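Enquirer: Next up is a structure, given as structure tokens.
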Amino acid sequence: MKTPDKLQTILILCFLTGVSTVSPGCVQLPKRFPEIKTYVLDLKAGEHKPYTGTPVSIRLKPFTALPEFSDRYLIYRTTETNYESDFYNQLMTSPAAMVKEQAERWLKSSPWVRFIADTDFAASPHYVLNGKLLEFYGDYRRDSEPAAVLNLEWTVSHVRGGKTTILFQKIYSQSVPLPAISPRALVEGWGAGFGRIMADFEADFEQRLAKSSETPPAV
């Protein structure tokens, strides 16, 4: 039987050495780490505007992102030059993959989309859509004015008769004010901002479609 003095000595030695493996006579204290939380981008979609033209077929390519915004960790901008990643608050998938998934969800319900192809096809004229994330972070440079920042570059190409022509390319930007500095508020802000981007993109695409239908085919 260990005396109180010997037991106290053993506990002190275990604490000082910080040995992770349990030694005879040592009491192992559990280590507590912050819980890792994951979030899903939820697009705040509005109603589609009426479309009187002919629906078109599209192919949505996998989205890409700049390297600094490609990880699942939430990114916070704290100064003009400093960005911090939050390991304990993450998206369910990469930002590019999640934004692409939400874009496809929006487009499936759009009146100007006939269908979305899963693979490349050249049997009939169609449009290829590419998206690239240029910025995707929480702007915390001013504590009183937090914002969810999202910049997405859309490139739309027309494929016809084996020939590909860029129809238009444009960068869409949103900075959505947040009610508080928190991961949940940030993700909800991205969802609201992306909904606005998709509405603007849809309007631009429909305008280009109307112009292209008025242009006589090249002889």
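No value in this document is a laboratory result; all are computed from the given coordinates. Please read all numbers here as calculations on a predicted model, not as lab measurements. In this analysis, Cβ positions are derived from the backbone assuming ideal geometry, glycine residues included, and neighbour counts consider all displayed protein chains.
Enquirer: Quick one: length gained pulling residue 119 to residue 170 fully straight, 0.36 nm per residue minus the C-alpha distance?
Expert: Between residue 119 and residue 170, full extension yields an extra 16.0 nm.
Enquirer: Mind ordering 59-68, 125-134 by average Cβ neighbours within 10 Å, highest first?
Expert: Working: 59-68: 14.9, 125-134: 18.2.
Top of the packing list down: 125-134, 59-68.
Enquirer: Here is a further query. Region 37-214: percent of C-alpha pairs farther apart than 31 Å? Walk me through the intermediate numbers first.
Expert: Details: 3218 of 15753 pairs.
More than 31 Å apart: 20 percent of the Cα pairs in region 37-214.
Enquirer: Would you mind ranking 197, 181 so that the residue whose beta carbon has the fewest other beta carbons within 10 Å leads the list?
Expert: On the way: 197 22, 181 13.
Sorted ascending by nearby Cβ count, the order is 181, 197.
Enquirer: Now, a different point. At 0.36 nm per residue, and after removing the present C-alpha to C-alpha distance, how many nm does the segment from residue 163 to residue 66 gain when stretched out fully? Walk me through the intermediate numbers first.
Expert: Working: separation 97, 0.36 × 97 = 34.92 nm, distance 2.83 nm.
Taking residue 163 through residue 66 to full extension adds about 32.1 nm, to one decimal.
Enquirer: Also: Starting from the Cα of residue 47, step 7 Å along the direction of its Cβ; do the same at residue 196; then give the gap between the two resulting points in nm.
Expert: Distance between label points: 2.1 nm.
Enquirer: So, R0 is 35 Å and r is the distance between the beta-carbons of residue 33 and residue 83; what FRET efficiency does that work out to, to 0.05? Can you show the working numbers first?
Expert: Working: r = 23 Å, r/R0 = 0.66.
After rounding to 0.05, the efficiency reads 0.90.
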